[in-house]
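For reference, the structure is listed below as structure tokens.
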Amino acid sequence: MSHRLRLININKKNWETVLELTTNENESHTLDEQFIYSNAWSIVQSEFENGWTIKAIEADETIIGFTMYGYDEARKLYELCSFMIDSRYQHHGYGTEALELILREMERKYGCREVYLSTAPNNDRAKHLYEEFGFHPTGEQWNGEDVYRCALSTISLPNNRPRKADLLGVV
């Protein structure tokens, strides 16, 4: 299923909607969710640490997710630091399309050749998605999370879908 996904700036009109997004199935809002820090935590982090870009993920004019990515100055690498789709919008194919859009934007914006991310050791759904895109475990852990690396030149799209990131927008 194809959606009209865009990465949009977080602003005065949408910041509260972004804060209300959660991966918690019971829709409760916590600073430390099961597999990810809250969007509020990430937004604050992006204000106090250099190098991070924050965006809302929009599908057909509805904000459905959040991402934070950029250059991790401490580790000297490009990282997808936060990526989430609200629990109400999971299982609709948004994660796959959003991940492609984010990786293509990182490649375009930074000219980076590889991206790192970390995820909870028991987050099997996320690991499966990342591995479909060509992320491989490095054997390292950051703060108790498994680290994955992807060479952007070797991104493989699930189900051999044609790349359509050029048809999707980043605002």
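Numerical summary
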quantity	calculated
Residue list for region 36-48, restricted to those being open to solvent by less than 40 Å² (accessible area, probe 1.4 Å) and touching a residue at least 40 places away in the same chain (Cβ under 8 Å)	Ile36, Asn39, Ser42
Residue in region 128-142 that is acidic (Asp, Glu) and under 25 Å from Leu19 (Cα atoms) present	no
Residues within region 43-84 that are over 21 Å from Ala151 (Cβ atoms) and basic (Lys, Arg), tallied	1
Hits in region 99-149 (condition: of a type in the set (D, E, K, R), outside any helix (DSSP H, G or I) and under 24 Å from Leu7 (Cα atoms))	Arg113, Glu114, Arg149
Matching residues in region 1-48 - criterion: being among the acidic types (Asp, Glu), modelled with pLDDT of 85 or more and over 23 Å from Ala74 (Cα atoms)	Glu16, Glu20
Odd one out for Ala126 among (1) open to solvent by 20 Å² or more (accessible area, probe 1.4 Å); (2) closer than 24 Å to Ile64 by Cα	(1)
All positions within region 143-168 that are within 19 Å of Gly70 (Cα to Cα), at pLDDT 90 or above and either in contact with a helix residue (DSSP H, G or I) (Cβ under 9 Å, 6 or more places away or on another chain) or exposed (fewer than 15 other Cβ atoms within 10 Å of the Cβ) (or both)	Asn143, Asp146, Tyr148, Cys150, Ala151
Answer residue from region 49-75, given it is of a type in the set (D, E, K, R) and modelled with pLDDT under 95 and is surrounded by the most Cβ atoms within 10 Å (Cβ to Cβ) among those	Asp72
Among (1) outside any loop (DSSP other than H, G, I, E, B); (2) modelled with pLDDT under 95; (3) surrounded by fewer than 17 Cβ atoms within 10 Å (Cβ to Cβ), the one test that His91 misses	(1)
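The values are calculated or read from the model by the stated rules, or taken from the named source; none is laboratory data. Everything quoted here is computed from the prediction, not taken from an experiment. Reconstructed Cβ throughout: ideal geometry from the backbone, glycine too, with neighbour counts over all protein chains shown. With ligands, DNA and RNA removed, areas are computed over all heavy atoms of the protein, side chains included. Shrake-Rupley method; radii C 1.70, N 1.55, O 1.52, S 1.80 Å.
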